[in-house]
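Take a look at the structure below.
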Amino acid sequence: MSLARNAHRSSSTPQAALGAAFLIAVSFTTAGSTHAAPPAAHAAYARSLPLGPAGLPETRTTTTLQPGVTSTHIVRGAFDPSTPWVVELSIPSSSTSPDPDAPPRAVQDQSSADDLVRRLAAAGFTARSEAVRQPAVADVPAGVIGYRVRATPTFSSQADATAYATRLKAAGFSGRSWYAGWDGASMAKGQWSINVLTIDPRRFRGRLGATFGPDLVNRETTTALGEYAHAKAAVNGGFFVLDPKAGAPGDPAGAGVYGGVLESETVAGRPALVLDAHALHTRIARPVWKARLSTRSSTLALDGINRVPGLIRNCGGDAGDQPTDHPMHDTTCTDPDELVAFTTAYGASTPAGPGAEVVLDRTSRVVRVDAQRGTTLQPGQRSVQATGDLTPTLSALRPGQVARLDLRLTEAGGGSLVRPGTTVVNGGPQLLRNGAEYITQNTDGMVHPTDPSFAYGWVLQRNPRTFAGEDAAGRTLLVTVDGRQPDQLGLSIPEEARVAQALGMREAVNLDGGGSTAMSIAGRLVTHPSDASGERPVGDAIVIR
């Protein structure tokens, strides 16, 4: 798929192969004409992508969208009809498992996997257990994290694999059809479809930032967010709340600064993408959140901003949170006793429920004190909600009293990230630091100690991905990779880091992916959504105006 109607595709074949390197033919389009780029203009793209066997064909189409902004579409390899479909079993815990009460999972201990293989054989099905290997990353050593079980027959179609899984279900087992090309260690020949937006600050005269749309609590597609911001291009942004049981759908699940305004607190210790409006000094930071409500007689620490009190998506809050105060991706921690601030960006009304809520005006004076949570804020107003044991303290405030909100988001060195022209979008794990692979899988909560299936599916298997960062020339790169389709394989997290390196990036962080991965250009979606329903509504999007 080309990125513009007038973009021309060129193809390459392996020539003078040396390892994984080969000659790549690239076309460039500007204002309807195709021409060769200056030798150094796209040096970051001179290296072939380290995906699949060496020597696969690779095509690249680059189109200039506006001065200082290009889009490049990369296609590597092609659909490989020899790559089979398989059936992967859910493994119940056995009596010898470290956790005999654990639910069935894709990855378990070896004893449980071997026990399932024996029970399958007794029922007339052949299967094998296979070790699942974690490669070494910055904070996780290499090793076997568990074992999976797959039926030994392989299938030429998803329908055949699904039919076999249905037979297994009728016999009392549980399994899923799975395309072997989605395995992170697969040597399938493709294909991979990658879109890259490059912003060169030396020639860029637009504005780079992010938007959550009309409010935080309603989700919109990346394409719709781009149109809302009148953007030339848009890419999905950070992680967000999806399930109402985890908070308000659309709420960023991590740090969020939009146009210099703080609207979401951190998941403690996790990385975020920091953008400048002029695309200068794009970087990966690990922001620090500090917030308090101060009166003449007391100071209270705040737990968050613009989220449902008591629900901390991806965890990483404070010592009162359960089950952990450390980051734990795709987990919702809880805390019955919280103070959470709200701005008018949250939505039409603040979350309703038991507790108390204090509304403040522009001068930090208390407008009213409500005995229940849930109100409509007027322009310029902010509020603070209390739940649990903190309710009496907040309820003691009185109209006319001064109560100052101090909300801060800083870099580790203390520099403020809440300033005009700055955007902060949450992400994780980090992928690159100073050009070297630096995957912070454990630090950022992508290791669940009691459930190796999480790292298996989220980190080690191939999925659609979105990532961003800066290259050695100081350019900002926004990248999407299609996946979860037989002809769109996606990337594992380790592959994502290697692709970032091959694109010349020095700093890179993973953003929300899977069904959220999307890129639109001039209001047209240029990626292939993996959700059956089409493009997924998301929490925020990075936009180029």
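Tabulated values for the structure
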{"read-out": "In segment 27-64, the residues that are open to solvent by 30 Å² or more (accessible area, probe 1.4 Å), assigned to a strand (DSSP E or B) and modelled with pLDDT of 50 or more", "value": "64"}
{"read-out": "Residue in segment 326-335 that is touching a Cys at 6+ places or on another chain (Cβ under 8 Å), at pLDDT 95 or above, farther than 18 Å from residue 244 by Cα and of a type outside the set (A, V, I, L, M) present", "value": "yes"}
{"read-out": "Test: residue 474 is surrounded by fewer than 22 Cβ atoms within 10 Å (Cβ to Cβ), in contact (Cβ under 8 Å) with a residue 40 or more places away in the chain, under 27 Å from residue 208 (Cβ atoms) and within 14 Å of the chain's Cα centre (by Cα)", "value": "no"}
{"read-out": "Number of positions in segment 299-341 that are of a type in the set (A, V, I, L, M) and open to solvent by less than 20 Å² (accessible area, probe 1.4 Å)", "value": "6"}
{"read-out": "Residue match in segment 447-462 (condition: basic (Lys, Arg), surrounded by fewer than 23 Cβ atoms within 10 Å (Cβ to Cβ) and touching a residue at least 40 places away in the same chain (Cβ under 8 Å))", "value": "no"}
{"read-out": "Per-region count, segment 213-243, residues outside any loop (DSSP other than H, G, I, E, B) and either at pLDDT below 95 or open to solvent by less than 10 Å² (accessible area, probe 1.4 Å) (or both)", "value": "7"}
{"read-out": "Subset of segment 380-422 [of a type outside the set (Val, Ile, Thr) and part of a strand (DSSP E or B)]", "value": "382, 383, 385, 386, 404, 405, 406, 407, 408, 409, 416"}
{"read-out": "Residue count for segment 525-545, restricted to those that are more than 16 Å from residue 478 (Cβ to Cβ) and either open to solvent by 10 Å² or more (accessible area, probe 1.4 Å) or at pLDDT below 95 (or both)", "value": "10"}
{"read-out": "Condition check for residue 344: in a loop (DSSP other than H, G, I, E, B), at pLDDT 95 or above, closer than 26 Å to residue 268 by Cα and open to solvent by 40 Å² or more (accessible area, probe 1.4 Å)", "value": "yes"}
{"read-out": "Filter result (in a loop (DSSP other than H, G, I, E, B) and surrounded by fewer than 21 Cβ atoms within 10 Å (Cβ to Cβ)) within segment 269-298", "value": "269, 277, 278, 280, 281, 286, 295, 296, 297, 298"}
{"read-out": "Selection count where residues are open to solvent by 20 Å² or more (accessible area, probe 1.4 Å) and in a loop (DSSP other than H, G, I, E, B), scope segment 254-265", "value": "1"}
{"read-out": "Test for residue 307: is it in a loop (DSSP other than H, G, I, E, B), within 30 Å of residue 544 (Cα to Cα), of a type outside the set (Val, Ile, Thr) and under 20 Å from the mean Cα position of the chain (by Cα)", "value": "yes"}
{"read-out": "Matching residues in segment 495-524 - criterion: being under 27 Å from residue 241 (Cβ atoms), more than 14 Å from the chain's Cα centre (by Cα) and surrounded by fewer than 21 Cβ atoms within 10 Å (Cβ to Cβ)", "value": "523"}
{"read-out": "Which listed residue, of 430, 441, 401, is of a type in the set (S, T, N, Q), open to solvent by 50 Å² or more (accessible area, probe 1.4 Å) and modelled with pLDDT of 95 or more", "value": "401"}
{"read-out": "Boolean, residue 359 is under 29 Å from residue 530 (Cβ atoms), out of contact with any Phe, Trp or Tyr (no Cβ under 6 Å at 6 or more places or on another chain) and either open to solvent by less than 10 Å² (accessible area, probe 1.4 Å) or among the small types (Gly, Ala, Ser) (or both)", "value": "no"}
{"read-out": "Residue count, segment 121-139 (criterion: under 26 Å from residue 161 (Cα atoms) and either assigned to a loop (DSSP other than H, G, I, E, B) or modelled with pLDDT under 95 (or both))", "value": "4"}
{"read-out": "Residues (out of contact with any strand residue (DSSP E or B) (no Cβ under 6 Å at 6 or more places or on another chain) and not hydroxyl-bearing (Ser, Thr, Tyr)) located in segment 513-534", "value": "515, 522, 523, 524, 525, 529, 531, 532, 534"}
{"read-out": "Residue list for segment 506-545, filter: farther than 30 Å from residue 136 by Cβ, assigned to a loop (DSSP other than H, G, I, E, B) and touching a residue at least 24 places away in the same chain (Cβ under 8 Å)", "value": "518, 522, 523, 526, 527, 528, 535, 536, 539, 540, 545"}
{"read-out": "Residue, least open to solvent (accessible area, probe 1.4 Å), within segment 140-174, restricted to residues that are assigned to a helix (DSSP H, G or I) and of a type in the set (D, E, K, R)", "value": "160"}
{"read-out": "Selection count, segment 292-311, where residues are in contact with an Asp or Glu (Cβ under 7 Å, 6 or more places away or on another chain) and free of Cβ contacts under 8 Å to residues at least 60 places away in the same chain", "value": "2"}
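The values are calculated or read from the model by the stated rules, or taken from the named source; none is laboratory data. Because the structure is a prediction, the values reported are computed rather than measured. Quick reminder, even Gly has a Cβ in these numbers, built from the backbone with ideal geometry, and neighbours come from all protein chains shown. In case anyone asks, the SASA skips ligands and DNA or RNA and just uses the protein heavy atoms, side chains included. Shrake-Rupley method; radii C 1.70, N 1.55, O 1.52, S 1.80 Å.
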